[in-house]
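I have placed the structure first, in the form of structure tokens, so that the comments after it can refer back to it.
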Amino acid sequence: RGLTRWFMEKVAGIDRRRSLPEVFSEHLRSWFSKRQKTEGGSRKVLLFDDCLTSFNEPEIGKAAVQVLESAGCQVELVNPICCGRALISKGFLKEAKALVELQLPDLARRVADGTPILGLEPSCVLTLMDEWPELVPGKLSRQVAAAVHLADPWLAEQTKATKLTLKLTNQPAKCLFHGHCHQRALCGVAGSSDALQMVPGLKVTTLDAGCCGMAGAFGFEKSHYDLSVQIANLELIPAVQAEPEAIIAATGTSCRHQIRDLTGRVALHPMQILAAGMQD
């Protein structure tokens, strides 16, 4: 492992102090294709199986499927769609536009009947809402953008309106919630907090801790690692360390990675916390 990290630092510029994301062969798309489907959902939804969730954190996608089906949804995966976030972040806008143009017609067709697209990784799913209409302006991109929601706020809204029902057990615990920067900028974090507060007994505190410092690939790079850690240590890491018994929730994969690397604590996606609280 030490040799691998040395090689990644020398060749790819990834700081050897940074842990690498795990890649699962039994990824979300593979699991979903093999599983026994739940019949009878009253509301069809498209779950956006972004690359990070599908291949690096499939347990989050599995939890989302289980929660949504328990609430009465018929779940389909968006697969295969790439949001183009990585291309956009590195300035490859021409290539990102071509990717969107290739994928847009079929996805627009699938949401034309009002089916929502529910995402788990804010930086990916909100790209469809924010950047796609700018890269490829027009009716189709607007149609897709209008269909996009983060899964946990959407579920909280639907249950509040009694359009869906999710039975949850009492979970007396404290939960610290850290929202993703992209989510804060575009739609806010209140909906994710609302979703967590659906769990009876769970006392949720939304942290006002600024950026986690990872910012996608930024925190992995040797040239930025120290700055990434400094940013995290301004507010987020002290807040997490001050509550050693609390459950930690975070919507962003970068945020969860940073928390684990710098504190050793495992931060969960809100959908994982809801899945843990479901009645048998």
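The values are calculated or read from the model by the stated rules, or taken from the named source; none is laboratory data. Treat the numbers as computed from the prediction; the structure is a model and nothing was measured. Methodologically, a virtual Cβ is constructed for each residue, glycine included, from the backbone with ideal geometry; neighbour enumeration extends over all protein chains shown. Just so you know, the surface numbers come from the protein's heavy atoms only, side chains and all, with ligands and any DNA or RNA stripped out. Shrake-Rupley method; radii C 1.70, N 1.55, O 1.52, S 1.80 Å.
Taken over the stretch 193-250, the criterion of being at pLDDT 95 or above, of a type in the set (D, E, K, R) and within 21 Å of the chain's Cα centre (by Cα) is satisfied by D194 alone. Does the stretch 128-149 include one or more residues that are open to solvent by less than 10 Å² (accessible area, probe 1.4 Å) and outside any helix (DSSP H, G or I)? Looking through the stretch 128-149, at least one residue is open to solvent by less than 10 Å² (accessible area, probe 1.4 Å) and outside any helix (DSSP H, G or I).
Scanning the stretch 150-167 for residues that are touching a Gly at 6+ places or on another chain (Cβ under 8 Å) and open to solvent by 20 Å² or more (accessible area, probe 1.4 Å) turns up P153, E157, T165. Scanning the stretch 84-98 for residues that are open to solvent by 10 Å² or more (accessible area, probe 1.4 Å), under 21 Å from the mean Cα position of the chain (by Cα) and either on the phi > 0 side of the Ramachandran plot or not β-branched (V, I, T) (or both) turns up R85, A86, L87, S89, K90.
Comparison of L77, L47 shows that the only residue that is more than 23 Å from G216 (Cα to Cα) and in contact with a strand residue (DSSP E or B) (Cβ under 9 Å, 6 or more places away or on another chain) is L77. Looking only at residues of the stretch 62-81 that are open to solvent by 50 Å² or more (accessible area, probe 1.4 Å) and outside any helix (DSSP H, G or I), we find that the one that is modelled with the lowest pLDDT is P80. Applying the criterion of being at pLDDT below 95 and of a type in the set (A, V, I, L, M) to the residues of the stretch 167-186, the residue that is farthest from I237 (Cα to Cα) is L186. Scanning the stretch 241-259 for residues that are out of contact with any strand residue (DSSP E or B) (no Cβ under 6 Å at 6 or more places or on another chain) and over 23 Å from L126 (Cβ atoms), we see that the one that is surrounded by the fewest Cβ atoms within 10 Å (Cβ to Cβ) is E245.
Please go through the stretch 11-33 and pick out each residue that is part of a helix (DSSP H, G or I) and modelled with pLDDT of 90 or more. So that I can check it myself, show each step before the final result.
The initial filter retains those residues of the stretch 11-33 that are part of a helix (DSSP H, G or I), namely 11-12, 28-33.
Those that are part of a helix (DSSP H, G or I) and modelled with pLDDT of 90 or more: L28, R29, S30, W31, F32, S33.
For the stretch 47-61, filtered to residues that are within 11 Å of the chain's Cα centre (by Cα) and open to solvent by 10 Å² or more (accessible area, probe 1.4 Å), the residue that is farthest from H257 (Cα to Cα) is C51.
Of G219, G210, G179, all but one fail to be open to solvent by 20 Å² or more (accessible area, probe 1.4 Å) and of a type outside the set (S, T, Y); the exception is G210.
Given the structure, is S54 out of contact with any His (no Cβ under 9 Å at 6 or more places or on another chain) and in a helix (DSSP H, G or I)? Step through it out loud before you land on a result.
Numbers: out of contact with any His (no Cβ under 9 Å at 6 or more places or on another chain): no; in a helix (DSSP H, G or I): yes.
No: the conditions fail for S54.
Scanning the stretch 15-27 for residues that are more than 19 Å from A267 (Cα to Cα) and either in contact (Cβ under 8 Å) with a residue 60 or more places away in the chain or of a type outside the set (S, T, N, Q) (or both) gives D15, R16, R17, E26, H27. Has the stretch 103-118 got any residue that is out of contact with any Asp or Glu (no Cβ under 7 Å at 6 or more places or on another chain), of a type in the set (V, I, T), surrounded by fewer than 18 Cβ atoms within 10 Å (Cβ to Cβ) and modelled with pLDDT of 95 or more? For the stretch 103-118, residues out of contact with any Asp or Glu (no Cβ under 7 Å at 6 or more places or on another chain), of a type in the set (V, I, T), surrounded by fewer than 18 Cβ atoms within 10 Å (Cβ to Cβ) and modelled with pLDDT of 95 or more: present. Residue count for the stretch 38-71, restricted to those that are within 28 Å of T162 (Cα to Cα) and in contact with a helix residue (DSSP H, G or I) (Cβ under 9 Å, 6 or more places away or on another chain): 20.
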